[in-house]
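Engineer: Here it is, the structure in full.
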Amino acid sequence: MSTQNNNVSSEIMIQLKGVNKWYGEFHVLKDIDLSVSKGERIVVCGPSGSGKSTMIRCLNRLEEHQQGQILVGKTELTNDIKNIETIRREVGMVFQHFNLFPHLTVLENCCLAPIWVRKVPRKDAEATAMKYLERVKIPDQAYKYPGQLSGGQQQRVAIARSLCMNPEVMLFDEPTSALDPEMIKEVLDVMIELAHEGMTMICVTHEMGFAKTVANRVIFMDGGQIIEENNPHEFFDNPQSERTQLFLSQILAH
Amino acid sequence: MIVNDNKIPDMPPPASTVGAVGWLRKNLFSSWANSILTVVVGYIVISNLIPLIDWVFLTSDWLGDSREDCTSGGACWVFITVRLEQFIYGFYPESEYWRINTIFVMLAGLIAALIFEGTPKKGWLGAFTLLIFPIIAFYLLYGGAFDLEVVETHKWGGLSLTLVLACVGIVASLPFGVLLALGRRSNMPIVRSLSTAFIEIWRGVPLISVLFMASVMLPLFVSGETSMDKLLRALIGITMFQSAYMAEVIRGGLQAIPKGQYEAAMALGLNYWKSMGLIILPQALKLMIPGIVNTFIALFKDTSLVLIIGLFDLLAIVQAALSDPKWLGYSVEGYVFVAFVFWIFCFSMSRYSQALERKLHTGHGAR
């Protein structure tokens, strides 16, 4: 337990208060309350359609919440486009389908946002990009196009691309769900390393091994609500709610 | 259990399946029906091609200065060669032909440099071609600056007018089309409905009526003193009309870009214009090259419609020459010549677009 709590400070990084969201008539997020401290690693799991992806996509305004309050750092997410862009600069996101820019090389993918958003000189941006590509162990692919890489390599580039913006928080939206089984490990290894370095992370994932290794807290969502929230040890060994027990029995059965 | 340790060496394929014989057999004579079809179609093509070649090349006349020089019985290209200057320069004063020639040479040089792979600083060259060159070309063509004599636009004509119409139309309709396409997909209701209305109105009207309105009706609405140049009105009409088409082609391309690309751009903190300019449009325009070039080619040919408002483009000027009593009866040569010139330009655009597609292909799917 003690290793899992290293680097966690009392500084609140992300706070959701009574967040509600509807898609038309459909109530996707119901009274979500959550606060994440700096350096904390949160794993969000739950059956599909439970609103877990929607929740983390609300954190950088890829989805708009209709009620409640979301604070990232000291900034509140409102319709003010300046606030939204400030927050997006500080929040990195990794997607299920990588979403690399196919018309740009790996290096250009990584440099684009630092150059155009942070106004970093190209030389410095490239140096930073190479540093992160080395961290995710694919510096030799820097001049290839995403289409020439395997899924696992693409996802690692996507992680490096986010890191190049030097974010305060990283959001992972099912980063391994679209990968072939033999590639999941290489991506998880990168994520585990990132966690050990003290990055604040919120991961929507079904990789329970990952949750056990690095998470400070596991959150279980169902029907748009947070059903259970606990440390991984308690969460897996002693789930409290019936729905959590059912979910865990289903995913751990095979 | 089967274990096979014998490695069979590579053997050449049977002789009847490779080489010229193999190709003929596979493509032209694969069955009885196919063989008959090949022979019949071959006969039709050859029996028409021989007289055509004969008419165009073998028994044609190229040199001379009146119809009396056309004695061989084939095509009388003398009609074209005698009037070639007029077909190219229209009614432009002969002493000023060098101005048009300079523009032709510059344009050809710039395009060649832009197409050539190894040109350094292509971005700057492209910007020069799109931003500075039109200004130079305008002052050269129209004059009125740098001690150049003013040549009124009603003296412009022939191939040079066709190229002016086509180049301005092409260069102006693309950015307008992009803006309209973005506007039509915008989240802002006013921008969206204005763009949609603009596109639907211009697209729903035939180009001929656009040109008529530009030349006949527009002057009625605008007070007499501020009369706009007729060519300028035609150019505006063509540009508006073609940008509506262009917008729909580009909108198709924008729709083909997966949502994830927009989201990734946004998540990195890129604002709307940067994500469009750096991420979405480069991919969409690449997908849309065939559609865009298709629109360009249509535009190029549509320029000949300006003849109905009294502008003498290549087709109009050849037609006018045909009614010259000295050359009555050579309309076939005239039209063949016009068709050939149009075809050369359109075919070059088509080939260039194919080369561009191959060059921009970076070995990836749509993701």
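The values are calculated or read from the model by the stated rules, or taken from the named source; none is laboratory data. Model, not experiment: these values are computed from the prediction. Cβ coordinates were reconstructed from backbone atoms using ideal geometry, including for glycine residues, and neighbour counts include every protein chain displayed. These accessible areas exclude ligands, DNA and RNA; they are computed on the full protein's heavy atoms, side chains included. Shrake-Rupley method; radii C 1.70, N 1.55, O 1.52, S 1.80 Å.
Engineer: Would a scan of the range B:228-237 turn up a residue that is farther than 30 Å from B:I132 by Cβ and of a type outside the set (S, T, N, Q)?
Structural biologist: First, pick out the residues of the range B:228-237 that are farther than 30 Å from B:I132 by Cβ: none.
Checked the range B:228-237: no residue is farther than 30 Å from B:I132 by Cβ and of a type outside the set (S, T, N, Q).
Engineer: Of all residues in the range B:109-130, which are among the small types (G, A, S) and within 21 Å of the chain's Cα centre (by Cα)?
Structural biologist: Quick first cut of the range B:109-130, residues among the small types (G, A, S) only: B:109, B:112-113, B:118, B:123, B:126-127.
Within the range B:109-130, B:G109, B:A112, B:A113, B:G126, B:A127 meet the criteria.
Engineer: Which is open to solvent by less than 70 Å² (accessible area, probe 1.4 Å) and under 30 Å from B:W327 (Cβ atoms), of B:T38, B:T59? Steps first, please.
Structural biologist: Details: B:T38 fails: under 30 Å from B:W327 (Cβ atoms).
B:T59 is the lone residue from the list that is open to solvent by less than 70 Å² (accessible area, probe 1.4 Å) and under 30 Å from B:W327 (Cβ atoms).
Engineer: In addition: It is to be established whether one or more residues within the range B:334-343 are at pLDDT below 85 and either out of contact with any Asp or Glu (no Cβ under 6 Å at 6 or more places or on another chain) or within 14 Å of chain A (Cβ to nearest Cβ) (or both). Step through it out loud before you land on a result.
Structural biologist: Kept after step one, since they are at pLDDT below 85, are these residues of the range B:334-343: B:334.
In the following step, the residues that additionally are either out of contact with any Asp or Glu (no Cβ under 6 Å at 6 or more places or on another chain) or within 14 Å of chain A (Cβ to nearest Cβ) (or both) were identified as B:334.
The answer is yes, given that some residue of the range B:334-343 is at pLDDT below 85 and either out of contact with any Asp or Glu (no Cβ under 6 Å at 6 or more places or on another chain) or within 14 Å of chain A (Cβ to nearest Cβ) (or both).
Engineer: Among the residues of the range A:42-59, is any free of Cβ contacts under 8 Å to residues at least 40 places away in the same chain, open to solvent by 20 Å² or more (accessible area, probe 1.4 Å) and farther than 28 Å from A:Q245 by Cα?
Structural biologist: Within the range A:42-59 (the criterion being free of Cβ contacts under 8 Å to residues at least 40 places away in the same chain, open to solvent by 20 Å² or more (accessible area, probe 1.4 Å) and farther than 28 Å from A:Q245 by Cα), the answer is no, since none of the residues qualifies.
Engineer: For the range B:311-328, state whether one or more residues are within 14 Å of another protein chain (Cβ to nearest Cβ) and touching a residue at least 24 places away in the same chain (Cβ under 8 Å).
Structural biologist: Looking only at the range B:311-328, we keep the residues that are within 14 Å of another protein chain (Cβ to nearest Cβ), and these are none.
Within the range B:311-328, none of the residues are within 14 Å of another protein chain (Cβ to nearest Cβ) and touching a residue at least 24 places away in the same chain (Cβ under 8 Å).
Engineer: Report, by residue number, each residue of the range B:180-200 that is touching a residue at least 24 places away in the same chain (Cβ under 8 Å) and open to solvent by 80 Å² or more (accessible area, probe 1.4 Å).
Structural biologist: Across the range B:180-200, the qualifying residue is only B:R185.
Engineer: Write out, first by first residue and then by second, each pair whose Cβ atoms fall under 6 Å of each other, whose residues are 6+ apart or on separate chains, and whose first residue, in the range A:160-186, is of a type in the set (S, T, Y) while the second is in a helix (DSSP H, G or I) and buried (at least 24 other Cβ atoms within 10 Å of the Cβ).
Structural biologist: If the second residue must be in a helix (DSSP H, G or I) and buried (at least 24 other Cβ atoms within 10 Å of the Cβ), the pairs left are A:T176/A:V187.
Engineer: Considering only the range A:61-179, give the helices (runs of 4 or more DSSP H) lying wholly within it that have at least 2 residues that are of a type in the set (D, E) and within 12 Å of chain B (Cβ to nearest Cβ). Steps first, please.
Structural biologist: Values: elements: A:81-90, A:106-116, A:122-135, A:151-163.
Where helices (runs of 4 or more DSSP H) fall fully within the range A:61-179 and carry at least 2 residues being of a type in the set (D, E) and within 12 Å of chain B (Cβ to nearest Cβ), they are A:81-90.
Engineer: Within the range B:253-263, is even one residue away from chain A (no Cβ under 14 Å) and under 30 Å from A:E108 (Cα atoms)?
Structural biologist: The first filter runs over the range B:253-263 and keeps only residues away from chain A (no Cβ under 14 Å), leaving B:254-255.
Filter once more, keeping what is under 30 Å from A:E108 (Cα atoms): B:254-255.
Checked against the condition, which is being away from chain A (no Cβ under 14 Å) and under 30 Å from A:E108 (Cα atoms), the range B:253-263 yields at least one hit.
Engineer: While we're here: Which condition number does A:A178 fail, the rest of (1) open to solvent by 50 Å² or more (accessible area, probe 1.4 Å); (2) at pLDDT below 90 being met?
Structural biologist: With (1) open to solvent by 50 Å² or more (accessible area, probe 1.4 Å); (2) at pLDDT below 90 applied to A:A178, the lone miss is (1).
Engineer: Considering only residues that are within 18 Å of A:N230 (Cα to Cα) and open to solvent by less than 10 Å² (accessible area, probe 1.4 Å), which ones fall in the range A:5-33?
Structural biologist: Hits for the range A:5-33 are A:I14, A:L16, A:I32.
Engineer: Separate question: Read through the list (1) assigned to a helix (DSSP H, G or I); (2) more than 14 Å from chain A (Cβ to nearest Cβ); (3) modelled with pLDDT under 90, then give the number of the only condition that B:F347 fails.
Structural biologist: Failed condition: (3).
Engineer: Can you tell me which condition B:S331 does not meet? The list is (1) more than 25 Å from B:E248 (Cβ to Cβ); (2) at pLDDT 85 or above, and all the others hold.
Structural biologist: Only one criterion is unmet by B:S331, namely (2).
Engineer: Considering only residues that are open to solvent by less than 50 Å² (accessible area, probe 1.4 Å) and more than 7 Å from chain A (Cβ to nearest Cβ), which ones fall in the range B:268-285?
Structural biologist: Scanning the range B:268-285 gives B:S275, B:M276, B:G277, B:I280, B:L281, B:A284.
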